[in-house]
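Here, each number is a calculation from the coordinates, and none is a lab measurement. Predicted model, so just to flag it, every value in this text is computed and none were measured. So basically every Cβ, Gly included, is an ideal-geometry build from the backbone, and we count neighbours across all protein chains shown.
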Amino acid sequence: MSSRVTERTIEEVKARVDIVELIGSRGVTLKRTGSSFKGCCPFHQEKTPSFHVNPERQFYHCFGCQEHGDAFTFIMKQEGLTFMEAVRALAEKVGINIDSTVDPEAENRNRLYALHIELTAFYQRCLKQTAAAAVARNYLESRDLPPDIIERFAIGYAPTRRDTLIRWATKNNFTMEEMVHAGLLIPPQNEQQQNDYYDRFRGRLMFPISDAQGRIIAFSGRILDPKAHPAKYLNSPETPIFRKSSTLFGLDKARAPLVKHPRREAVICEGQIDVIRCHAAGITTAVASQGTAFTREHADILKRYADTVVLFFDADDAGRTAAVRTGITILEAGLPVRVATLPPGEDPDSLIRTSGADAARTLIDQAGSVVAFQIATMRHAEERPDDLDAFSRISRAVAETIVACSVPLLRVRLQQEAAELLNVPEDLLSNEISTLLQQKEEAAKRAASYARDTASAAISAAPATTVDDDGAPLYDPFGGDDTDTNDDIYIPALPPSTEDHQPTEITPPPAKPLLAPTAERALIEFLFHHDNIPEVTTLLQNFLPPTLITHPHVLKTYTAWLNNSHTNGNELTELYSNADKSLQTFLNSIIAHHRPLTEHDELSPLDAARDMVTRLWIDHLQRKRAALSDTDPIQRLTITREIKSLQEAPSEADRRSRENPLEPVTAWDLRQPLIQAALTSHP
C-alpha cells in the first residue's frame, strides 16, 4: 500500500520546530547578534563564527562554506537522513504522529520497536544480576571490556531456561505471534506440541543491533560454550524493521562523530567486537556490516555521512580477501577507500588490547589505497610473483578494480599509482583500463537501448504502477530484497485484431511487465560462473525441476543447461545463437555480471546452490498457497508449515547440534527430506 505525507503535515512539523533550539541541541553554540544567532559552522572547520541562524525565517546560512537551509535540511545534512526520514524524526520530536495516518503497518513496527527496547533492558538485567550469567560476565572481563562500554552498547545475556522468553513475553503483554514475527522465538515444528516454542538466542551474550536513528531492531548473540558446535554468532532473521543489507552495526553511534570528523572518515571493521573496541579506544567513526558481506547498499548508506573510508580488517587471508572485495564495492559507490595493514595474526580488537589505541590510529592514518593493498596481497599469495603469469593475474585484477571506480578523477589517480607499483608504463595500463571501460559502457548501452525499445510497449501493455513515498515500485513479482535491472523485461505480445475475423485461439490480454525474479536470475548467474561442478549438477537435477521457474527467459536457459548436463552437448550455445533480441539481451546481462555469487557470500558452490534451491522452493510453495481458495484452510496451513520448516531449518539445525554436539546437523540435512516430499506433493 502506498503512503504519502501531505504538504500540510510537513508545514505543521516545520512550524513547530524551533530551529535555534534544534541546532543548539546538536552541539552548536549560538549567540544572539541582533535579530539572528551566530556560531561556528558544524559543516566545516572554522575559528571565526560565520554560521547564522534566523529564528523568524527558520533558516540558517554559513557565509564560509555556503551551506544553508531549514530544519529539515539541517537534520538531513548533519545526520545523513533522507527527506522523509528527517520529516519523521522532527515530527516525533515535536509530538506529531504521522505514521498512524499514512502507514497502516506503523503500529506493528512500533510494537516491534517497543519489544526490542524492553527485551534489551531485560537482557541487561540478566547479565548484571543472574548467577547463570557469570559465564557471560567472565567472558566480557576476559575481553577487557569496561562497564561503561558494556552499558553504552547495551550488552546483555539471554538465559538458558527454555521458557524464560515465553514467560517474559506473557508478563510484558507481547503475544507469541509477535515474538515469532520479531525472530526471537522459533514456532513449534510438531503439530502435536502447539506450545513448543524455541528461544533462538538462549544461553548467548546479546548485542543489540540498532538502525541509524538509534532504534533497536534486532540482536546478535554470541555462543559462550566453547564446546558448542553451532556458529559463534547468530543474528536475528530479517523482519519488517531489520534488513541486513541496509544495517551497519554502530552507525547510530558513529554518524554524529562522522559528520564532525575533519575528513568525514569512516572506519569499517569486520565484526561487532572490533567496532566496540574501536569506540572504547576513541575511534568513534567505526562501523561494521551486519552478518553479511559489505554491499553496495551499505556503501550508499555510509556515503550519506562519510567522504572517505578506511578498512580495518583482520590480518588473515579471509580478512585480506574481504578487504579487497569491500574496497571495490566502496569504489563503485564513488568513495575513496584506503586499507589499514595490521601485523600478521592481529585483528582490531587484539591490536588495541595489546598495543593500545595510538597504535591503531597510526595504522589507520598510514593506510594505503585499496589498489596498493590489492597488489601487495596478490604478490604475497603468488609463489613466484615476478613471473609473467603472476604479473598477468595481478595486473588484470587491479585493472578491474580501477574500472569499478565511478569517479573519473579518482580512477586516474589510482591508475597512476598502480602503474608505478606494477612498474609498467602508465599508457599501457591506461589502454587496458580503457578497453575494460569500453566493454562496461557498451554493455550498459545495450541494456539502456533495450529498455528504451520496450518502454513504450510496457506503458501501453501495463496498468499504471503505484509507488510508495520513497519512489520505489510496489509491484515485485518475487518479493525479495534485491532490485533487478530492467535489461530482462518480458513484454507479452499484443493480441491480434478481431475486427475482421474470429481467431482460432484466444490470446490472453496484455500482462504487466515481468522482471526476472531475483532468485531465478541468481540461479542463471550462478550456473554461468560455476559450471561443471558434479555435486551441483546432481543437486539441481534431483531437487530443482523446471516447473518451479516462472520467467520464460530463465526457464529456457535452465532447461538448456539441464539438457546440456545430461548430454554434454551444446544446448546453451545453440540457445544463444537462436535467441531472439529479448532473450539475447537477458543472456548478455547475465554474462556481463562477472562476479561469481560465492565470491560475495563466502559459501562453497554446493552450499550456495542448496540455498538457491531452497529459496526457489519457498517461492513455489508461496505461489501455491496464494492460489488456494479461502475454503481450503487445512491445505493452506499445511503449506505454511512446510514453508516455515524450510525457513527455520538453520535455526533448528543449530538447536539440534547444540543439544547433541557429537551428531551435528546442517540446514540441508533437514531441508532435503522436505524438498523430496514436496517433489511428490507439490509438483
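For region 106-242, the alpha-carbon coordinates run over 43, 37, 27 Å along the three principal axes, in decreasing order. When the pairs Lys227/Lys644; Lys77/Lys128; Lys260/Lys440; Lys14/Lys38; Lys38/Lys303; Lys253/Lys644 are compared against a 27 Å limit on Cα-Cα distance, Lys227/Lys644; Lys77/Lys128; Lys260/Lys440; Lys38/Lys303; Lys253/Lys644 fall above it. Note on region 278-402: dipole from Cβ charges, positive end direction compared against Gly319, Leu302, Val339; the farthest Cα belongs to Leu302. Seen from Ala390, the other residues with C-beta closer than 10 Å to its C-beta sum to a net charge of -2, counting Lys and Arg as +1 and Asp and Glu as -1. By definition, a body whose alpha carbon gyration tensor gives a ≥ b ≥ c is oblate when a/c is 1.5 or more and a/b is not larger than b/c, and region 247-304 fits this oblate description. Can you tally the net charge around Ile241? Count Lys and Arg as +1, Asp and Glu as -1, for every other residue whose Cβ sits under 9 Å from the Cβ of Ile241. Charge balance in the 9 Å sphere: +2.
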